[in-house]
Structures are given as structure tokens and as C-alpha cells.
Amino acid sequence: MRRWFAKWLYGAWTAIYGNSLHQLHTKADWDRYEGMGEAVKNLASKLPRYSTAEQLGLLDAEARKFNFKTTRERLEDELGFFLRQNGQQTKNAAAFKASPWCNHFANEEHILKQAGKRLPFKFYPDDPDMRLALENVISEFGSLEILRDVSPALRIRRLQRAFYFAIRRLCKPKAGSARLATFIQNLLQEWPCVPAGMEFDLASHFNADKRHELVRGHLGLAKLRSSKEACALRRVLHTVIYRDELRGPLLRLAHNARLRAEQHRKGWEHLRSTLKTVFNHIRSGASDEAMFRNFERANFPYMRNLTREQRMRLLPELGNDTDHSVRDLTKAERMILAARFLKNPRTSLERDADGRNSFARRYGRAMRDVKSELGKQ
């Protein structure tokens, strides 16, 4: 780590003292810059012998001779930016895992997975146009704004939330995702084709009677009968037909499926499988242990090396903490924070009748998983 940090300092000193370098205007100023450069070169072979704190002290002592200044915040910003950009490279991996930013890629991967960003490449690895179309479909079926519980103040947001929860209701049964995928695939397969240049009247073709007929036929309902599933499916059908942002990408996927079918390839089967996976992704909910891992992963650096004052601000309910040391939050303290900030975990924080605490067991497993993931022992 000493050698790595010394090498990084040698390459990054101009960024660390960037504010001073911006003030260089005259020839005398640039002579100071050249002098600092020579001093850093002379230090390069000596720095790995010292601790990282001593390395910083030696570099800053040379900088003061040339009237260059920086701050701790600037140093941390530059180091953090470098590690977040290059932390996955083998030569930087050890430094990244030892840094406060080691949860960066773990959080990034979780966000991408939650948003379904990996699914388009899985189904269309060689077709960027279809990947973009499927990405738009996923966004419309289960948008990030809905998942993050943004306040539905606007009418479009209310409609989108109603559509999202209709999808969730239809996918709730064991085979619900497959049935919904089949319904939409059949709808797209039977979609009317018109010659180029001719307008297609959606409202006339997909009138109320036609929409009710499609829903009843899929659910096997008698005429004039309805159900909660029928109401949800009618909302989904209405949105697919009339929302341009969803209908357009779906029809592009359907056109691709039709072309594949004409080539005697599994075009429509592939589309149905794709939609089924998308709906399974939207249907799935995080388990309590997954929620605990997400909480640990997202807040890992902010629960370490805290002073007494910082701990008291986070956990005022602990009363007057007599421990004045700088330390990490204990497992019990982290559990209190998790119970406070997580929404409706199924596992209760309180002990059961036998004195056991499944919250503690599951949270302990989550802590171990995250430490292993981030390279912490």
C-alpha cells in the first residue's frame, strides 16, 4: 500500500495542488512549477519507505517551499475520484478495497440490477436497436420513479403508478408473469398491419368492445362478468395501446420477432420469454436479508470510524454514550438504524417468545456478505 500510494502521489500531485497551479501566470510562477516537479521526482524513490501520513507530510513540505497549497478535502476528492474511476483495475484493487469508497461499484451494480439494465443485453446481445427498445419497455413497465416512491402529484404519475400496480397484481400468481407475457405477445402478433403511409385509427380498431373481448377471451370470462384481474388487464391493455412511449418500442420488438419467425427462427417464442423475464423482474421483491445487505452496502463507509459526537447524532436514543473513542458502529447500533430506515421489513427487531432474534441472525449474515463483497475482513 505504501508503494501504491507513493506512485499515486507522484502522478496526481498536479491535481492535488490544482488550485495553486491555476494561479501561475508569470515566468517566475512557472519556474516554481518546474522546481516543484523536480522536487517530486527526487522524492519519488524515497516515499515508499514511509507511511502514507509521512508521505503526505514530505510532499506538502516541498510544496510549501514553492508556495503551493492544498486542503485535506481536495486530496480526498482527488483520491476518491481516481479510485471510483479506476478501482476495478487489478493494480488498484487492493487500494480500492481499503478505501472509504469501496462500496461504489457494489452500489452501482445493485442499482443497475434493480432497474433491469442487464436484461436487454441478455436477450439481444448483438442488436443495439432492440436493446434500446427493450430498455424503453422495461422503463415504462416499471419505471425508477415508481420504484422510488416519488409522490404521484401529476396525472401522468398517477396513471403510471396505477399501470405499475396493475402489472404487479397480474404477475402475483405463480404463473402470472407467463400468462401476461402470452397475452401481450398474442396482442402484438395479431396487431393490424397497414401499408406504409396510411394512417391507422387506434381508437376505432381497439374500441371498448374490442378491448373487453380481448380481456374476456384471455381470462375465460363470460360476457358481462368482470373481476379484479380483468380490471387490471384492461388497464394494461389500454396503456399498451394508447401510450406512445410503450407502444412504439413494443411494436419494434414485435417487428423483430416477425422477421425472425419468417426466417424459421424462434421469434415470437423469444419475445414471449423476454417479456416473461421482464415481468418476473418487476414482480420480484427484495427479501429482508437482501434489504439488510443493501442497507449495509450503501452505508458501509458512513458507519465506520465515528466519533462519539457523530454516533450521538445518528443514535440519540442511546443516551449519554460514555465511550469517547473513534470506532465503528456495533451490530446492535446498525440494526437500530436499519429498522428505522428500511420500509416494513417482515422480520421484527424484537426477540420472539424463545428469546431468539431472527433480525439479528439475518443482519449478521448480511454484514458478513457485504464485508466479503467489499474485501473487508
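The values are calculated or read from the model by the stated rules, or taken from the named source; none is laboratory data. Predicted, not measured: the structure shown is a model, and the values here were computed from it. Glycine gets a Cβ as well: all are built from the backbone with ideal geometry, and neighbour counts include every protein chain shown.
Condition first: under 15 Å from residue 141 (Cβ atoms) and in contact with a Cys (Cβ under 6 Å, 6 or more places away or on another chain). Can you find one or more residues in region 163-178 that meet it?
yes
The conditions are (1) more than 19 Å from residue 108 (Cα to Cα); (2) outside the structural domain of residue 136 (by TED's automatic domain parsing); (3) modelled with pLDDT of 85 or more, and residue 341 fails exactly one of them. Which is it?
All conditions pass for residue 341, except number (3).
I'd like to check which helices (runs of 4 or more DSSP H) are fully inside region 179-271 and have at least 2 residues that are touching a helix residue (DSSP H, G or I) at 6+ places or on another chain (Cβ under 6 Å).
Qualifying helices (runs of 4 or more DSSP H): 208-219, 228-242, 244-262.
Restricting the first residue to region 3-23 and requiring it to be part of a helix (DSSP H, G or I), which pairs with a second residue that is of a type in the set (Phe, Trp, Tyr) meet a Cβ separation below 6 Å and a spacing of at least six or different chains?
20/68
When you go through 157, 216, 225 one by one, which is the residue that is touching a Lys or Arg at 6+ places or on another chain (Cβ under 8 Å), over 21 Å from residue 271 (Cβ atoms) and surrounded by 12 or more Cβ atoms within 10 Å (Cβ to Cβ)?
The conditions single out 216.
Only one of these conditions is not met by residue 41: (1) touching a residue at least 60 places away in the same chain (Cβ under 8 Å); (2) exposed (fewer than 14 other Cβ atoms within 10 Å of the Cβ). Which number is it?
Exception for residue 41: condition (1).
Report yes if residue 94 is aliphatic (A, V, I, L, M) and within 30 Å of the chain's Cα centre (by Cα), otherwise no.
Yes, satisfied.
Run down 83, 58 and say which single residue is within 20 Å of residue 1 (Cα to Cα), in a helix (DSSP H, G or I) and in contact with a Ser or Thr (Cβ under 6 Å, 6 or more places away or on another chain).
From the options 83, 58, the qualifying one is 83.
Quick check on region 44-91: of everything there that is surrounded by fewer than 13 Cβ atoms within 10 Å (Cβ to Cβ) and within 23 Å of the chain's Cα centre (by Cα), which residue is modelled with the lowest pLDDT?
88
Under 9 Å by Cβ, and 6 or more places apart or on different chains, what pairs join a residue from region 67-89 that is without any contact (Cβ under 8 Å) to a residue 12 or more places away in the chain with one that is in a helix (DSSP H, G or I) and hydrophobic (A, V, I, L, M, F, W, C)?
Sorted first by the residue in region 67-89, then by its partner, the pairs are 81/15; 86/96; 89/96.
Every residue, every condition in (1) surrounded by 13 or more Cβ atoms within 10 Å (Cβ to Cβ); (2) modelled with pLDDT of 80 or more; (3) of a type outside the set (S, T, N, Q), yes or no:
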position: 284; (1), (2), (3): no, no, no
position: 313; (1), (2), (3): no, yes, yes
position: 334; (1), (2), (3): yes, yes, yes
position: 363; (1), (2), (3): yes, yes, yes
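For region 251-301, give me the residue count where each residue is over 18 Å from residue 236 (Cα atoms) and over 21 Å from the mean Cα position of the chain (by Cα).
18
Quick check on residue 43: is it out of contact with any strand residue (DSSP E or B) (no Cβ under 7 Å at 6 or more places or on another chain), under 29 Å from residue 98 (Cβ atoms) and not charged (D, E, K, R)?
Here the answer is yes, as residue 43 does meet what is asked.
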